[in-house]
Amino acid sequence: MTRDPICGMTVNPDSAFHAERDGQTYYFCGDECLQQFLSAQAVSQRAGPCVIVIFGASGDLTKRKLLPSLCNLAASGLLAEDFAIIGVGRREWSDEDFRQQMREAVAEFAPQKVDPAVWTNIEQRLRYCRGAYTDPGTYQKLSTMLAESDAKQHTGGNALFYLSVPPASFAPIAQQLHENGLLQEKPPVWRRLVIEKPFGHDLASARELNATLASALAESQIFRIDHYLGKETAQNLLVFRLGNSMIEPVWNRMFIDHVEITAAEAIGIEGRAAFYETAGAFRDMMQTHMLMLLALITMEPPASLSGEAVRNEKAKLLQAIRIPKPEDVMRDAVRGQYGPGEIDGKPAAGYREEPGVSPESTVETFAAAKLWVDNWRWAGVPFYLRTGKRLARRVTEIIVHFKRPPLSLFGGTECSPLGPNLLIMHIQPEEGITLQMRAKTPGPTIHARAVTLDFDYAQFGKVAPTTGYEKLLYDCIIGDATLFHRSDMVEAAWKVADPILSTWAEHPRDHLAFYAPGTWGPPEAEKLLASEGHWWTA
């Protein structure tokens, strides 16, 4: 027996409500005491006061993700009581216009209905700063508004600048903020800058952007955001690997045969021709999200879970990826483009038929590559990455193929064709983890078949829907950089990507394979896994 820490009643641990804090389990007589405990825990984890400044305040990201995420953080008690939000943009809006726009956006895009009291509290803290991003007057006006917010909302002088703008505006905004003294920190007052990908167009431009940012503020102030790492399963990768003693001993070349990472979209470019014609699938997805997922699942265990310790190990892993030579690219990388066809019996336009796309475009909408990590843990283990538009379905998964048993004792008793053990990490749209094993089927004779052990977040009870940005915004405010890219990580990823992209650029029409919409890409991609079998698809 034990005591409820809220009311002091004696409770039976076998049947009581329970929760954990700091590695200790607490037991409660009922839901009311449990909720009081959780509320107190949320207050203890609440972010400190600050002003959140959003450049590009009229854009889709602000409406669909940022404001709904801030509403969720406020509802969960993780946003400070003393905060303010300033939107910066070119639209001729007043404060009330901005509030009306955000009110409508939250009503339309919030993943769950926002409590009216929560929204009222947020709405009265919204202000709008109109001006061009290159005009020094915009920043002088912003400086005044920050001082006013500090006086009225008691934000302590802290400010988070979120650049929800095209990449070409990153450097000019950072320079203007610096020149107007808005990035200067006087501890304990902090100032931070958040930028979205892409972080450069190639290695040279990434280095140039990093140098510009470094001239304006310290690396510790820069948060390069990757929304893929805000998803629950992506965050769970470290816990799954390092929090379970049965996993880490087999997480190496001795037990793992090969690894697949797939990030597939069923939709086309959806009106993003201007962006996609200059980026393509490799820059859009593989150089950013997928290489960082690869680093997260293959890095060495860090000395601690501090942001720098984790990022040090990610950087080491990225630097260990073998730089492909031109002949490697021609053999181990595939680029494709979706052509016209049908999906569910309805005509589907090819990429070259999309509005704004050149009819002679050689931009890839599909990319696949075979990569190697040259370190002690992963030497000899191939990593297969693929991404694309207009594929069979929307899914992001990591599939770890373990080696087969050295002796197939049950080879003559198999009643399913499935191969070795698999560990499947579902990142989107469903989030969870599946372990595929083999077991005997019921009956007097021995027949083995594949069975799965499944984990999903429903096992934690009802989980409130999220945008995927809540964790990332919260970490920006509290200064936890664990999930964010450091400059050396960005440049290491570009060192892998550049030889692939430059080889393709030298031969724009060679080896551009076409595929039908609604399939898993060009047949040439299957050849990458010829020695392993084929890509895993559920």
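The values are calculated or read from the model by the stated rules, or taken from the named source; none is laboratory data. Given the structure is predicted, the values throughout are model-derived calculations rather than measurements. Positions of Cβ are generated from backbone atoms using ideal geometry, with glycine treated the same way; all protein chains shown enter the neighbour counts. The accessibility values were calculated without ligands, DNA or RNA, using every heavy atom of the protein model including side chains. Shrake-Rupley method; radii C 1.70, N 1.55, O 1.52, S 1.80 Å.
There is no residue in region 249-260 that is in a loop (DSSP other than H, G, I, E, B) and under 30 Å from P188 (Cα atoms). Every condition in (1) part of a loop (DSSP other than H, G, I, E, B); (2) of a type outside the set (S, T, N, Q); (3) in contact with a strand residue (DSSP E or B) (Cβ under 6 Å, 6 or more places away or on another chain); (4) surrounded by fewer than 18 Cβ atoms within 10 Å (Cβ to Cβ) is met by K141 except one, and the failing one is (1). In region 469-480, the residues that are within 9 Å of F223 (Cβ to Cβ) form Cβ pairs under 7 Å with partners that are among the basic types (K, R), at six or more places apart or across chains, as follows: C476/R192.
Looking at V310, V363, just one residue is open to solvent by less than 50 Å² (accessible area, probe 1.4 Å) and closer than 25 Å to A525 by Cβ, and that residue is V363.
Yes/no matrix, rows are residues, columns are (1) over 30 Å from F514 (Cα atoms); (2) touching a strand residue (DSSP E or B) at 6+ places or on another chain (Cβ under 8 Å):
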| position | (1), (2) |
| --- | --- |
| M292 | no, yes |
| L296 | yes, no |
| M299 | yes, no |
| K314 | yes, no |
| M330 | no, no |
| Y338 | no, yes |
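Among N121, N72, which is the only one that is open to solvent by less than 50 Å² (accessible area, probe 1.4 Å) and assigned to a helix (DSSP H, G or I)? Only one candidate passes the filter, namely N72. Within region 450-465, identify whether any single residue is β-branched (V, I, T), in a helix (DSSP H, G or I) and closer than 30 Å to A309 by Cβ, and answer yes or no. Checking region 450-465: not a single residue is β-branched (V, I, T), in a helix (DSSP H, G or I) and closer than 30 Å to A309 by Cβ. When A349 is tested against the conditions (1) open to solvent by 20 Å² or more (accessible area, probe 1.4 Å); (2) at pLDDT 95 or above, the lone failure is (2). Any residue at all in region 24-34 that's in a helix (DSSP H, G or I), modelled with pLDDT of 75 or more and buried (at least 18 other Cβ atoms within 10 Å of the Cβ)? Within region 24-34, not a single residue is in a helix (DSSP H, G or I), modelled with pLDDT of 75 or more and buried (at least 18 other Cβ atoms within 10 Å of the Cβ). Screening A264, A273 for residues that are open to solvent by less than 10 Å² (accessible area, probe 1.4 Å), among the hydrophobic types (A, V, I, L, M, F, W, C) and modelled with pLDDT under 90 leaves exactly one candidate, A273. Looking at region 200-213, which of its residues are more than 15 Å from R486 (Cα to Cα) and open to solvent by less than 40 Å² (accessible area, probe 1.4 Å)? Within region 200-213, S205 is the sole residue that qualifies.
Only one of the listed residues (L209, L213, L177, L160) is outside any helix (DSSP H, G or I), among the aliphatic types (A, V, I, L, M) and modelled with pLDDT of 95 or more. That residue is L160.
Within region 385-398, the residues that satisfy the criterion of being under 20 Å from Q287 (Cα atoms) and either touching a Leu at 6+ places or on another chain (Cβ under 6 Å) or open to solvent by 40 Å² or more (accessible area, probe 1.4 Å) (or both) are R390, R394. Among the residues of region 288-303, those identified as open to solvent by less than 10 Å² (accessible area, probe 1.4 Å) and not aliphatic (A, V, I, L, M) are T288, H289, T298. When R91, R99 are screened for being open to solvent by 40 Å² or more (accessible area, probe 1.4 Å), among the charged types (D, E, K, R) and not in a loop (DSSP other than H, G, I, E, B), only R99 passes. Please give the number of the condition S58 fails out of (1) under 22 Å from T134 (Cβ atoms); (2) in contact with a Ser or Thr (Cβ under 7 Å, 6 or more places away or on another chain). Condition (2) is where S58 drops out. The residue that is modelled with the highest pLDDT, among those in region 226-242 that are open to solvent by less than 40 Å² (accessible area, probe 1.4 Å) and in contact with a helix residue (DSSP H, G or I) (Cβ under 8 Å, 6 or more places away or on another chain), is D226. Restrict the check to region 480-502 and report whether at least one residue is over 23 Å from L317 (Cα atoms) and surrounded by 16 or more Cβ atoms within 10 Å (Cβ to Cβ). Checked region 480-502: no residue is over 23 Å from L317 (Cα atoms) and surrounded by 16 or more Cβ atoms within 10 Å (Cβ to Cβ).
Of all residues in region 180-202, those being at pLDDT 95 or above and small (G, A, S) number 1.
Each row is one residue, and each column tells you yes or no for (1) free of Cβ contacts under 8 Å to residues at least 12 places away in the same chain; (2) buried (at least 17 other Cβ atoms within 10 Å of the Cβ).
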site: G157; (1), (2): no, yes
site: G181; (1), (2): no, no
site: V189; (1), (2): no, no
site: R192; (1), (2): no, yes
site: P198; (1), (2): no, yes
site: S215; (1), (2): no, no
site: N244; (1), (2): yes, no
site: R253; (1), (2): no, no
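Scan region 454-466 for residues that are more than 16 Å from A234 (Cβ to Cβ) and either touching a helix residue (DSSP H, G or I) at 6+ places or on another chain (Cβ under 7 Å) or among the small types (G, A, S) (or both) and jot them down. A458, G461, A464, listed by residue number. The single residue among I6, I86 that is hydrophobic (A, V, I, L, M, F, W, C), at pLDDT 75 or above and not in a helix (DSSP H, G or I) turns out to be I86.
The strands (runs of 3 or more DSSP E) found wholly in region 262-361 and carrying at least 2 residues that are in contact with a Pro (Cβ under 6 Å, 6 or more places away or on another chain) occupy 333-338, 341-343.
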